[in-house]
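For reference, the structure discussed in these notes is given below.
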Amino acid sequence: MISSTAAKVYFDTAIVQGKPARPRPRVNTLTVFIRSLDSFQSNSQTLKYMLNNTGRLARHETVAVKVGGISIGGQAPVVVQSMTNTDTADAEATARQIQELAEAGSELVRITVDTEAAASQVATIWEKLDAGGCSVPIVGDFHYNGHQLLDKYPECAQALAKYRINPGNVGFGRKKDSQFSTMIEKAIEYDKPVRIGVNWGSLDQALLTGMMDDNSRLSAPLDAEDVMREALIVSAISNAQKAEEIGLGRDRIVLSCKVSGVQKLIAVYRDLAKRCDYALHLGLTEAGMGSKGIVASTAAIGVLLQEGIGDTIRISLTPEPGGDRTKEVIVAQEILQTMGLRSFTPLVTACPGCGRTTSTVFQELADSIQNYVRRQMPLWREHYPGVEDMNLAVMGCIVNGPGESKHADIGISLPGTGESPTAPVFIDGAKAMTLRGDNIAEEFQQIVNDYVEHRYGSV
Ligand code: SF4
């Protein structure tokens, strides 16, 4: 067993007074791989496209858009956003959920603005957040009556940091153009950016029907699915161009074209990115519940991000009844972090467990330490810059435990079945101490605390 004092002694002697923190090699294996392919002409050009000369993923070039204090596009880090599911007319509940989403790491939060009751509460929501010290920009999601609500509730138009406009749900017939124009004019008047967000479930039917008719007259008509994809893109880009003609700057426009199928989303955004340089909001619409929603969103968004496409992401998870809305923020962050695009929170590497470890101790420790570091992040972020890059490992037995633990900043290898009841802890690649007894979880947590303080506290 080791006391927290003993852990402090380790850090004091190994890190603060003597040895600096182990330099962490940042070997980009994809870069090395591509260099080794240089003599080949075949596939290397495609792979090289994905990397710029710093070895990082090259991003599709887009025009930067400022939303409140947040930049979307123009090489800014990919922004995490989310959406509330409260009744916006309930200002108290909506402000509380926005605050929770912001504390979880959402950098923009969208709210539904669908009725006069909702619009009338937007400024109150903003005031409540401001009073609570929360400055996350709020985005208003409008359908059908946005032109009226923005006109009738100027304090709502002012409090929102961005307006989402769905060109398929702006209005019908001849009114459509004028209602769209009114919303753009309001954005110009209040100096706000907009997202022109097309969704295949509410695609402009007149546009789609016209394109289907044109297609049917071709000598070799395209598949209906290809026409639908084209209609999504045409709707987004043509409405963005209309907004520019009305006078909204290109740096005030974000586009999205959401569908609910993984392959369809990838195909749509690849085309969209080829054909415009508007900042792109990425998301699989109606992704679904639980693992289905997470897997589908990750598969689609991961491929596109890997190709440099996407400036802001939202994971549209259906929460379990009474479930935590912040899950969609955590999933978005973990996609970006596991892809090496951004860092938000130290992540715990853990083995899956197998017949070599029949106790649940290591699963419980992996879970408790991950939750612990997540809870600490609001404080750690402020006092320990860089801590979000820390790696932890919790392993179930000696087979892979010490090896994996050595690759982490701090790793612990718990005893498997029949192994001696000791848990070696590795810090910066070297065995630092051995834990024993009933308080391993508490002691490991203390070791993590001490490491954070010593390694990141003096930065
Ligand atoms: S580290 Fe040990 S317990 Fe974990 S999966 Fe590997 S062999 Fe099984």
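The values are calculated or read from the model by the stated rules, or taken from the named source; none is laboratory data. Just so it is clear, the structure is predicted and the values come from calculations on it, not from any experiment. Cβ sites come from the backbone with ideal geometry, for glycine too, and all protein chains shown count toward neighbours. For the accessible areas, the whole protein counts, side chains as well, though only heavy atoms, and no ligand, DNA or RNA atoms are used. Shrake-Rupley method; radii C 1.70, N 1.55, O 1.52, S 1.80 Å.
Restricted to segment 222-237, and to residues that are assigned to a helix (DSSP H, G or I) and either in contact with a helix residue (DSSP H, G or I) (Cβ under 6 Å, 6 or more places away or on another chain) or without any contact (Cβ under 8 Å) to a residue 12 or more places away in the chain (or both), which residue is surrounded by the most Cβ atoms within 10 Å (Cβ to Cβ)? Explain how you work it out, then say what you get.
Step one: of segment 222-237, the residues assigned to a helix (DSSP H, G or I) are 224-237.
Now narrow it down to the ones that are either in contact with a helix residue (DSSP H, G or I) (Cβ under 6 Å, 6 or more places away or on another chain) or without any contact (Cβ under 8 Å) to a residue 12 or more places away in the chain (or both): 226-227, 229, 231-233, 235.
Values: Asp226: 13, Val227: 18, Arg229: 21, Ala231: 24, Leu232: 27, Ile233: 19, Ser235: 24.
Here the answer is Leu232.
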- [ ] Go through segment 393-402 and give me each residue that's within 7 Å of the ligand (Cβ to nearest atom) and assigned to a helix (DSSP H, G or I).
- [x] Gly401
Open item on the list: So Cys354 ticks every box in (1) under 19 Å from Glu100 (Cα atoms); (2) surrounded by fewer than 16 Cβ atoms within 10 Å (Cβ to Cβ) but one. Which box is left unticked?
Closed with: (1)
Task: Entirely in segment 59-99, the strands (runs of 3 or more DSSP E) that have 2 or more residues that are surrounded by fewer than 21 Cβ atoms within 10 Å (Cβ to Cβ) - done: 70-72
Task: Matching residues, segment 286-300, being aliphatic (A, V, I, L, M), more than 14 Å from the chain's Cα centre (by Cα) and within 12 Å of Arg314 (Cα to Cα) - done: Ala287
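Just to check your reading of the model, which residue among Ile335, Ile369, Ile330 is in a helix (DSSP H, G or I), without any contact (Cβ under 8 Å) to a residue 40 or more places away in the chain, in contact with a helix residue (DSSP H, G or I) (Cβ under 8 Å, 6 or more places away or on another chain) and more than 14 Å from the ligand (Cβ to nearest atom)? Before you say what the answer is, go through the steps one by one.
Values: Ile369 fails: without any contact (Cβ under 8 Å) to a residue 40 or more places away in the chain; Ile330 fails: without any contact (Cβ under 8 Å) to a residue 40 or more places away in the chain.
Only one candidate passes the filter, namely Ile335.
Pick out the one residue from Arg375, Arg342 that is open to solvent by less than 70 Å² (accessible area, probe 1.4 Å) and either more than 16 Å from the ligand (Cβ to nearest atom) or part of a helix (DSSP H, G or I) (or both).
Details: Arg375 fails: open to solvent by less than 70 Å² (accessible area, probe 1.4 Å).
Just one listed residue meets the conditions, Arg342.
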Open item on the list: Anything in segment 167-200 that is surrounded by 18 or more Cβ atoms within 10 Å (Cβ to Cβ), of a type in the set (Phe, Trp, Tyr) and at pLDDT below 95? List them, or say none.
Closed with: Trp200
Task: Number of the exception - Pro321 against (1) in contact with a His (Cβ under 8 Å, 6 or more places away or on another chain); (2) of a type outside the set (Val, Ile, Thr); (3) surrounded by fewer than 19 Cβ atoms within 10 Å (Cβ to Cβ) - done: (1)
Task: Lone qualifier among Ser405, Ser420 - being part of a loop (DSSP other than H, G, I, E, B) and hydroxyl-bearing (Ser, Thr, Tyr) - done: Ser420
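Residue check: is Asp428 more than 14 Å from the ligand (Cβ to nearest atom) and open to solvent by less than 70 Å² (accessible area, probe 1.4 Å)? Before the answer, list the steps.
Working: more than 14 Å from the ligand (Cβ to nearest atom): yes; open to solvent by less than 70 Å² (accessible area, probe 1.4 Å): yes.
For Asp428, the condition - more than 14 Å from the ligand (Cβ to nearest atom) and open to solvent by less than 70 Å² (accessible area, probe 1.4 Å) - is met.
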TODO: Determine whether Val361 is open to solvent by 60 Å² or more (accessible area, probe 1.4 Å), within 16 Å of the ligand (Cβ to nearest atom) and either touching a Pro at 6+ places or on another chain (Cβ under 7 Å) or hydrophobic (A, V, I, L, M, F, W, C) (or both).
DONE: yes
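Mind telling me which of the residues Lys162, Lys186, Lys152 ends up being of a type in the set (Lys, Arg) and out of contact with any helix residue (DSSP H, G or I) (no Cβ under 8 Å at 6 or more places or on another chain)?
Working: Lys186 fails: out of contact with any helix residue (DSSP H, G or I) (no Cβ under 8 Å at 6 or more places or on another chain); Lys152 fails: out of contact with any helix residue (DSSP H, G or I) (no Cβ under 8 Å at 6 or more places or on another chain).
Every option except Lys162 fails the conditions.
Right, Glu453: within 23 Å of Thr338 (Cβ to Cβ), more than 15 Å from the ligand (Cβ to nearest atom), of a type in the set (D, E, K, R) and touching a Phe, Trp or Tyr at 6+ places or on another chain (Cβ under 8 Å) or not? If you could, list the steps in order and put the result at the bottom.
On the way: within 23 Å of Thr338 (Cβ to Cβ): no; more than 15 Å from the ligand (Cβ to nearest atom): yes; of a type in the set (D, E, K, R): yes; touching a Phe, Trp or Tyr at 6+ places or on another chain (Cβ under 8 Å): yes.
Taking the combined requirement at face value, the residue does not satisfy it.
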